[in-house]
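The values are calculated or read from the model by the stated rules, or taken from the named source; none is laboratory data. Since we're looking at a predicted model, the values are computed, not measured. Here the Cβ positions follow ideal geometry from the backbone for every residue, glycine too, while neighbour counts run over all protein chains shown. Keep in mind that these areas ignore ligands, DNA and RNA; they rest on the heavy atoms of the full protein, side chains included. Shrake-Rupley method; radii C 1.70, N 1.55, O 1.52, S 1.80 Å.
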Amino acid sequence: MIIFSDSKDIYYLRNYHPLKWQGEENDCFDYFSEKILELKNKEKTSIDFWFEELKKHLKMDESFAIAVVPSHSSGNQVSGIHLVAQKLAKSLPEKITDATLCLIRVKNIDRLSTGGNRELDIHFQSMKVINLELIQNKNVLLLDDVSTTGNSLRAGKELLLKAGASKVKCVALGKTVTYYDFDDSVYEKMGRDASGCFYAIDNWEIDEHEKICRDAEQSHFCICEEAEDLRKQIKDEVEYAGDQIQRGAHYSHLELCFIPIRG
């Protein structure tokens, strides 16, 4: 649940796996990643999907303004995430203020998805807050579709706070999953280390197996001895009880024989 008292820096709804990795199809590309790409194309089904997803995570009994990290182009560019935020505001106007056009890009930056500079200063220098009355003295939910470093959200948050927002909660629909490309020497070292680990694990498993077998054998031996002692004890007690019953029956028979016959 997204609440403004939460100390979490950025709240992520899902992981985002890029469609391609190193020019090839990414096997990890999943349903939610596809929905994020569809949102970038402003597809209605995806707008509806993320609208419902956000509703599941939002605490709707709080009043707040909703703002959006602007796209890489300057001006009031309306993106898919803008449309999701605007739909949320329209669904509950008495609680949610539409501040989706408060944070704008005043200077073009390179697309982050194609290798653009992700440093914090780039976002500070290229973004600006307008329509301040929509966010002043209010809690603000700041949305972005995909976040890799989180710097665009952090810069937007600081700008909104400086413009008078009470609190700002940063939310990204997807967090980009990073894949690392190692050279052959790293893989060779990882292979050697892994081989050593497997060797150690194998030896440990063998030792543990042998120890378990020894313990089990010892336990079995002890149980067998105890069972044998118990069996003997029960046998002795049964024999004793049988003797007692036979003696009792014998004495009862004698007593019956000597009882006077009454005429």
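Okay, here's what the table says:
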| quantity | calculated |
| --- | --- |
| Residues with amide H under 5 Å from that of Asn26, placed H, sequence gap 5 or more | Lys20, Trp21 |
| Residue-level accessible surface for Leu120, protein heavy atoms, 1.4 Å, Å² | 60 Å² |
| Links that overshoot a 18 Å alpha carbon limit, given the list Lys42/Lys87; Lys8/Lys90; Lys56/Lys95; Lys56/Lys90; Lys42/Lys138 | Lys8/Lys90; Lys42/Lys138 |
| Per-residue HN-Hα couplings for segment 42-56 [Karplus 6.51, -1.76, 1.60; θ = phi - 60°; Hz; x = Gly/Pro] | 6, 6, 4, 4, 6, 4, 5, 4, 6, 4, 5, 4, 5, 4, 5 |
| Candidate lysines - alpha carbon under 22 Å from Lys107, same-chain residues fewer than 8 apart omitted | Lys40, Lys128, Lys157, Lys162 |
| Theoretical FRET efficiency, 1/(1+(r/R0)^6), r = Cβ-Cβ of Tyr179 and Asp121, R0 30 Å, to 0.05 | 0.70 |
| Per-residue HN-Hα couplings for segment 32-37 [Karplus 6.51, -1.76, 1.60; θ = phi - 60°; Hz; x = Gly/Pro] | 5, 5, 5, 5, 5, 5 |
| Under 5 Å, built H, 5+ apart or other chain: amide partners of Leu101 | none |
| Sequence-distant residues sharing a close amide H with Thr148 (under 5 Å, placed H) | Thr176 |
| Considering only segment 27-140, percent of DSSP beta bridges that pair antiparallel, nearest 5 | 50 percent |
| Packing-based ranking, highest mean first, of 43-55, 232-244 given that Cβ atoms within 10 Å are counted | 43-55, 232-244 |
